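The values are calculated or read from the model by the stated rules, or taken from the named source; none is laboratory data. What you see is a predicted model; the values in this text were computed from it and never measured. Here the Cβ positions follow ideal geometry from the backbone for every residue, glycine too, while neighbour counts run over all protein chains shown. Surface accessibility is based on the protein's heavy atoms, side chains included, excluding ligands, DNA and RNA. Shrake-Rupley method; radii C 1.70, N 1.55, O 1.52, S 1.80 Å.
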Amino acid sequence: MLPVLTTVPQSATEPVTDRLVLSRPQAHDIDAIWQIHSDPETNKHNPTVPIRTRHQAADRLSWFTAHWDEFGFGYWSVRLRDPQRPENNGPGEPIGFAGLRWSRWAGRNVVNLYYRLTPAVWGCGLASEAARASVALWHEYLSDHPLVARTTPDNVGSQRTALAAGFERRPDLDRTTALGRDIVLALGWKPTP
């Protein structure tokens, strides 16, 4: 059973960073979910099964929304911020999705860090910026539970993103599944009493 959290104020769950507007996904984000999550480049190192149909994209949006509805936080739609025109922040299509959700890992309730951005913005530090906003939210409201980021051994970019956000590599938490080997980076993982 996952913990129920009702203490995260909405103002904290939709932060604005130097270059990003992070907000709860909406129905109009479905095209971006489809484009980003079905792109072969974004799935090259995917430790789970990629989206293959638009129906699956709709299911993914429903899954994102259900977590928000139940727990008051979740994965964000990531949009570029326009510091010159704050009234126009976050217009247009998302450049990706990032954020936090409850999960289970190694028999424990954990908070999972997620980030997936369109390849057009890779290498600009935007995933690290979204990851740092996620870590800040975790520190403020969720740090009673470990924060984990999992990826594949060959996804060096994702590992760098997690390390830039303050994670430490935890080989003791790695596991092999039917889809391949997952490696784990974590924050706040303490031995169980």
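Return the residue satisfying two criteria in turn: it lies in segment 143-160 and is over 16 Å from the mean Cα position of the chain (by Cα) and either among the aliphatic types (A, V, I, L, M) or under 23 Å from ASN43 (Cα atoms) (or both), and of such residues it is most open to solvent (accessible area, probe 1.4 Å).
ASP154
For segment 119-137, give me the residue count where each residue is surrounded by 19 or more Cβ atoms within 10 Å (Cβ to Cβ) and outside any helix (DSSP H, G or I).
Selection size over segment 119-137: 0.
For LEU163, all conditions in the list (1) in contact with a Lys or Arg (Cβ under 8 Å, 6 or more places away or on another chain); (2) open to solvent by 60 Å² or more (accessible area, probe 1.4 Å); (3) in contact (Cβ under 8 Å) with a residue 24 or more places away in the chain; (4) of a type in the set (A, V, I, L, M, F, W, C) hold save one; what is the number of the exception?
(3)
Considering each residue of segment 94-108, count those that are open to solvent by 30 Å² or more (accessible area, probe 1.4 Å) and either within 18 Å of HIS28 (Cβ to Cβ) or in a strand (DSSP E or B) (or both), and give that number.
The number of residues fulfilling the criteria is 3.
Between a first residue in segment 18-31 that is free of Cβ contacts under 8 Å to residues at least 24 places away in the same chain and a second residue that is in a strand (DSSP E or B) and open to solvent by 10 Å² or more (accessible area, probe 1.4 Å), which pairs have beta carbons less than 7 Å apart while being 6 or more apart in sequence or on different chains?
So the pair list comes out empty.
Assigned to a helix (DSSP H, G or I), open to solvent by 10 Å² or more (accessible area, probe 1.4 Å) and in contact with a strand residue (DSSP E or B) (Cβ under 8 Å, 6 or more places away or on another chain), is that true of GLU140?
Spelling it out, it is not the case that GLU140 is assigned to a helix (DSSP H, G or I), open to solvent by 10 Å² or more (accessible area, probe 1.4 Å) and in contact with a strand residue (DSSP E or B) (Cβ under 8 Å, 6 or more places away or on another chain).
Can you go through PHE97, PHE167 and tell me which one is of a type in the set (Phe, Trp, Tyr), on the phi < 0 side of the Ramachandran plot and in contact with a Ser or Thr (Cβ under 8 Å, 6 or more places away or on another chain)?
The unique qualifying residue is PHE97.
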